[in-house]
Amino acid sequence: MSKYKLGKQVFENVPPTLSIKGIEMFVFDMAGTCVDENGLVYKIMNKTLEEYNIQLDDIREIGGFSKKQVIRNRVDYDFKIKREAIRGVNRTKYLKGLPEETVDEEIKQFVTNQIYRKFQKNLLESYNMRGNLDTYPGVYNLFHNLRERDITVCLNTGYPEHIATTIINKLGFKGLINGYIASDMVEKGRPEPYMINKLMSDNNITDPKNVIKVGDTVVDMLEGINANVRYNVGVLTGVNNRDELWRSGADLVLPSVNDINKLLL
């Protein structure tokens, strides 16, 4: 039996309508929400980390976050449990008289940057292969429907800017959206609200209560809460399940973005 939730109300079978009166902008996450890349980002991240003998415990660590921050988090954790071995291999660095913490940070930053460059290279190669990228059903129609209502359509992502641009160009989004932003284009990525704030500023929108955020991850919902948007809409095409999205602050949870088309008033 299908269930839909709006605020504290749960609707069985018959979904609620979604009032967009006064809404000026929708902000959509990319991969897992609008873009179907068949979980490639998770596979490539795991493969790249494994090349450095670093394990990814849970793919939900990746969903929605800045990918560089995901790598740094794993490097920090790995360094903590392998500190003595790492310091032994790099002992000449520690003999220069600098504080150990300074050398630790230098090593972690170097390794993070090295892994991140490899991850981006591997991901771009995979995305450029035919058949690895597509949109979820209804995405183009939804963007068109919103634009016809004079609603601004924007994308945001935890990918770096050049990968976001590659995806947008490959899928032909450019003429359908008003703008996009990547996590490396602001001070901090999700769950901080900076990407949404920047998109609002770029599109001359002053009230976050005139914005709706749509995403497939817990961190998407937290981003929307931190930005104080009117509605956080979760979709089930990505990494997090219905309960996880609800608990993280979703106002509405739907099977996919295509269902938003059916709810527009």
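What follows is calculated from the coordinates using simple rules that are stated; it is not laboratory data. Everything numeric here is computed off the predicted structure, so don't read it as measured data. So basically every Cβ, Gly included, is an ideal-geometry build from the backbone, and we count neighbours across all protein chains shown.
Across the chain, Cα pairs under 8 Å and at least six residues apart give a relative contact order of 28 percent. Given the chain reduced to its alpha-carbon atoms as identical point scatterers, what log10 I(q)/I(0) does the Debye formula return at q = 0.16 Å⁻¹? Listed by q, the Debye log ratios stand at -1.16.
Taking other C-beta atoms within 10 angstrom as a stand-in for reagent exposure, Phe28, Phe119 fall in the order Phe119, Phe28, fewest first. Applying a threshold of 22 Å to the alpha-carbon distances of Lys43/Lys118; Lys21/Lys213; Lys68/Lys96; Lys118/Lys198 flags Lys68/Lys96; Lys118/Lys198 as lying beyond it.
Measuring r between the beta carbons of Asp57 and Asn241 and using R0 = 30 Å, the FRET efficiency lands at 0.95. Computed over the range 40-127, relative contact order equals 44 percent, with contacts defined as Cα pairs under 8 Å that lie 6+ residues apart.
The string of couplings for the range 33-44 from the Karplus curve (6.51, -1.76, 1.60, θ = phi - 60°) is 10, 9, 10, 9, 10, 6, x, 4, 4, 6, 5, 5 Hz, one whole number per residue in order, with x for Gly and Pro.
Each Lys and Arg contributes +1 and each Asp and Glu -1, all at the Cβ; summed about the Cα centre of the range 13-135, the dipole is approximately 420 debye.
Residue order for Met25, Met129, fewest other beta carbons within 10 angstrom first, comes to Met129, Met25.
Helix 161-171 and the longest principal axis of the C-alpha atoms of the chain enclose an angle of approximately 40°.
Compared with the dominant principal axis of the Cα atoms in the chain, helix 67-81 is inclined by about 40°. Per-residue Karplus couplings for the range 179-191, computed as 6.51 cos²θ - 1.76 cosθ + 1.60 with θ equal to phi - 60°, are listed in order as x, 8, 8, 10, 5, 7, 9, 9, 4, 9, x, 4, x Hz, Gly and Pro entered as x.
Cα centroid separation, the range 94-141 to the range 176-234: 23 Å.
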